[in-house]
Amino acid sequence: MKLISTTFLTLAILTSALSQTTTFYKDEYLTKVVDERKGKFKKVETENEGGVISIKVYALRENILLRESNYKDANPCGIWKTFDSQGALMIERDFSSVRYTKEGPPDVFDNVIPEDNTDNYTIAAFYNGENDMFKFIGTEIRYPMESRESGSSGIVYIQFMVDEEGNTTPYSIVRGVDPYIDYEAWRLINKMPPWKPATKNGEPIKSYSTLPFRFVLR
């Protein structure tokens, strides 16, 4: 009997820590609230005791999860997922991976050749030059739907590292636009093809650079 009482107590604590609301809609973009009997889509909004609000959108006919997002203080956080009409994962965004600081990584070459250059530095560079880099960005960049809907635009300045093998890793957002655009710049750095690494006395070294990404609504 003690075990049963403890179990019910645990369930009661968990239940009290969460609040949940369900709303029904006619359309996938949740523009018109309707009665449950007329709903084709539903939004389930859950708030946990940490202040994180989790939102899940389902297609009712097949009971398929279409979107999953998380907010804290009205800002995106954690992992967001978008699924197709069959329930297969299409896009995943991890907003917790993005860092904001103006400071560069410590003890890493800042990809600027010093005036004396006694150590024979060369800087990291995109293979085949900047024109090819701009082509890559133009092909791969995706304007976030959330930013487009709010009319947000601007330039993101992002610091990233190039390791000894030429692999790129985002380090920090120096100046951002909004969380969705900032994340897209972060994603692009992660997706870049290898660079030519910086060198010191002929040996490849890790370096970091700052790159601007311009997001303009057309």
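Readers should treat all values here as calculations from the given coordinates under stated rules, not as data from a laboratory. All of these numbers come straight from a predicted model, not from anything done at the bench. Reconstructed Cβ throughout: ideal geometry from the backbone, glycine too, with neighbour counts over all protein chains shown.
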- Message: Per 0.36 nm of contour for each residue apart, how much would the distance between Ile113 and Asn128 grow if the chain were fully extended, relative to their Cα-Cα spacing?
- Response: 3.4 nm
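When 1/r is averaged over all different Cα pairs and the result inverted, which Kirkwood radius in Å belongs to the chain? Spell out each step's value before the answer.
Working: mean 1/r = 0.0482 Å⁻¹.
This gives a value of 20.7 Å.
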- Item | 3J(HN,Hα) from dihedral phi, the range 48-61, Karplus parametrisation 6.51/-1.76/1.60, rounded to Hz, x for glycine, proline | 9, 6, x, x, 8, 9, 9, 10, 10, 10, 10, 8, 6, 4
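Explain nothing, just the number: dipole magnitude of the range 125-215 about its Cα centre with +1 on each Lys and Arg Cβ and -1 on each Asp and Glu Cβ, in debye rounded to the nearest 20.
120
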- Rank the residues Val162, Val57, Val112, Val174 as a footprinting-exposure proxy: fewest other Cβ atoms within 10 Å of their Cβ go first. Val112, Val174, Val57, Val162
- Task: May I ask you to list the residues of the range 16-40 whose amide nitrogen lies under 14 Å from a point 7 Å from Cα along the Cα→beta-carbon direction of Ile64?
- Result: 28
- Query: So what's the angle, to the nearest 10 degrees on a 0 to 90 scale, between helix 179-191 and the longest Cα principal axis of the chain?
  - Reply: 50
- Message: So if I place +1 on the C-beta of Lys and Arg and -1 on the C-beta of Asp and Glu, and nothing else carries charge, what would the dipole magnitude of the chain be about its Cα centre? I want it in debye, nearest 20.
- Response: 1220
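Set the Förster radius R0 to 35 Å, insert the Cβ-Cβ distance between Glu47 and Arg99 as r into 1/(1 + (r/R0)^6), and round the FRET efficiency to 0.05.
Values: r = 26 Å, r/R0 = 0.75.
Once rounded, the FRET efficiency stands at 0.85.
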- Which whole-percent values make up P(r) of the range 125-215 when all C-alpha to C-alpha distances are grouped in 5 Å steps starting at zero? 3, 14, 23, 24, 17, 10, 5, 2, 1, 0, 0
- Task: Give the dimensionless ratio obtained when the Cα radius of gyration of the range 9-101 is divided by 2.2 N^0.38 Å.
- Result: 1.21
- Cross-link pairs Lys26/Lys56; Lys72/Lys102; Lys135/Lys191; Lys42/Lys81 - those with Cα-Cα distance over 18 Å: Lys72/Lys102
- Once Lys and Arg get +1 and Asp and Glu get -1 on their Cβ, which of Leu188, Ser153, Leu65 lies farthest toward the positive end of the dipole of the chain? Leu65
- Message: At a 10 Å Cβ-Cβ cut-off, how would you order Phe134, Phe41, fewest neighbours first?
- Response: Phe134, Phe41
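What per residue convex hull volume, in Å³, do the alpha-carbon atoms of the range 83-130 yield? Intermediate results must be reported in sequence, preceding the final value.
Details: hull volume 9.1 nm³, N = 48.
Considering the Cα atoms of the range 83-130, their hull volume per residue is 190 Å³.
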